Amino acid sequence: MPVTHMHRWKAPALAVSALLVGLTLPAAVATPASATTTSYDTTYYKNAVGKTGASLKSSLHTIISSQSKISYSAVWDALKVTDQDPNNSNNVILLYSGVSRAKSLNGGSTGDWNREHTWAKSHGDFGEVTGPGTDLHHLRPADVQVNSIRGNKDFDNGGSAVSGGGGSLTDSDSFEPRDADKGDVARMILYMAVRYDGGDGFADLEPNEKVNNGSSPNIGKLSVLKQWSDEDPPSAFEEKRNQVIYDTYQHNRNPFIDHPEWVDAIW
C-alpha cells in the first residue's frame, strides 16, 4: 500500500528580517519533518497515531515487535530482493557507496558485497543470532572493503574520504555515510532502538551522544542522526524496501520511513 509523504521545503535564512532588527541569525539547521499521512494510520499504526514521547515509543515497540524472523543465511537471498537495483534486476544497490553490483557477487572477497549490520552487532553483543542479528530493517548489502572500514564505528560528521565509499567519510572513531544514505542510516538505527528494548532476551538498544561506544548497547550520535533524518527524507527506494520487508519477509515496518516526523516526536 502506498505511503504519502508531504516533504517539506528547506526554508532560507530570514536575512531581510535580520537586517531590519539588526540581529545576526544563527547558522541554518535542518527543518524537522512535516506530518505525514499513510494508508496504515487507521490499521497498523492506529494505536500510535496522536502520541508523542515515551508513549509513542512504547506503542511503536509493541506494534513492530510482531514480526516473522529469518535466519542469517536467509538474509543473503532476502537482500537480493529488498535492495534490488530498480534499473537492473540482476544487481543490488550497495549502502554507503551507492554502487550497483551483481547479486551473484555476494561473499567475503574484494569486489564482493556482504551483509552490513548498520547497528553494529558488537554494540549490544547480539552477533548474528536470529532477532537483531538478522533483522532486515538494518541489514543492507555493502561493499566488503567499505563495510570493513566502517567496522563498528559510531556515526558522526567528519573525517577523510573512504576509498570506494561514494563520498562517505571516516576518522578514528566515527563514520559519515554519503549524503544519499544519511537518512536511511538514521532511520535504521532508530528503528532498532524502538524494536529492541531489552524485553525479549536481547540488550536494550539506545542511541546516545557518544562515539567509541564499544560493546555497550548504544550508538551515537543521536543529534547527528536526527539531523541526517531531517536533511535526507525517505526516498522511493527506501519506501519500497520497507514495503517488501513488510509484505514478504518480516511483516513489520520501519515507522520512521512511514512517519519521519516521529523521530523528533520521540527524541
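A few remarks follow.
- Test: residue in the range 138-146 that is at negative phi, of a type in the set (A, V, I, L, M, F, W, C) and open to solvent by 40 Å² or more (accessible area, probe 1.4 Å): no
- Unique residue being part of a loop (DSSP other than H, G, I, E, B), open to solvent by less than 10 Å² (accessible area, probe 1.4 Å) and over 25 Å from Leu56 (Cβ atoms) when the list is Gly165, Gly158: Gly165
- Counting only strands (runs of 3 or more DSSP E) that sit wholly inside the range 71-136, those with at least 1 residues that are of a type in the set (S, T, N, Q), open to solvent by 20 Å² or more (accessible area, probe 1.4 Å) and farther than 26 Å from Val162 by Cα are 88-93.
- The listed residue being in contact with a Pro (Cβ under 7 Å, 6 or more places away or on another chain), surrounded by 17 or more Cβ atoms within 10 Å (Cβ to Cβ), at pLDDT 95 or above and not aliphatic (A, V, I, L, M), out of Asp204, Asp230: Asp230
- Pair list, Cβ under 7 Å, 6 or more apart: the range 100-125 residue more than 24 Å from Asn88 (Cα to Cα), other residue of a type in the set (Gly, Ala, Ser): Lys121/Gly127; Lys121/Gly133; Ser122/Ser215; His123/Ser215; His123/Ser216; Gly124/Ala203; Asp125/Ala203; Asp125/Ser215
- One residue stands out among those in the range 209-221 that are without any contact (Cβ under 8 Å) to a residue 60 or more places away in the chain and in contact with an Asp or Glu (Cβ under 6 Å, 6 or more places away or on another chain): the one that is least open to solvent (accessible area, probe 1.4 Å), which is Val211.
- Evaluation of Gly98 against the conditions (1) of a type in the set (Gly, Ala, Ser); (2) modelled with pLDDT under 95; (3) under 27 Å from Glu176 (Cβ atoms) shows that the sole unmet condition is (2).
- Scan of the range 34-62 for residues that are among the hydrophobic types (A, V, I, L, M, F, W, C), closer than 18 Å to Glu239 by Cβ and open to solvent by less than 30 Å² (accessible area, probe 1.4 Å), ordered by number: Leu60
- Qualifying residue in the range 170-189 (condition: among the β-branched types (Val, Ile, Thr), open to solvent by less than 50 Å² (accessible area, probe 1.4 Å) and farther than 24 Å from Glu239 by Cα): yes
- In this structure, Asn152 does not qualify as touching a Gly at 6+ places or on another chain (Cβ under 9 Å), within 21 Å of Ile189 (Cα to Cα) and in a strand (DSSP E or B).
- Among the numbered conditions (1) β-branched (Val, Ile, Thr); (2) open to solvent by less than 30 Å² (accessible area, probe 1.4 Å); (3) within 28 Å of Trp76 (Cβ to Cβ), the only one that Val224 does not meet is (3).
- Scanning the range 185-231 for residues that are outside any helix (DSSP H, G or I) and of a type in the set (A, V, I, L, M, F, W, C) yields Phe202, Ala203, Leu205, Val211, Ile219.
- Residue count for the range 239-260, restricted to those that are surrounded by fewer than 20 Cβ atoms within 10 Å (Cβ to Cβ) and charged (D, E, K, R): 3
The values are calculated or read from the model by the stated rules, or taken from the named source; none is laboratory data. All of these numbers come straight from a predicted model, not from anything done at the bench. Virtual Cβ from ideal backbone geometry, glycine too; neighbours counted across all protein chains shown. All accessible areas refer to the heavy atoms of the entire protein, side chains included, with ligands and DNA or RNA removed. Shrake-Rupley method; radii C 1.70, N 1.55, O 1.52, S 1.80 Å.
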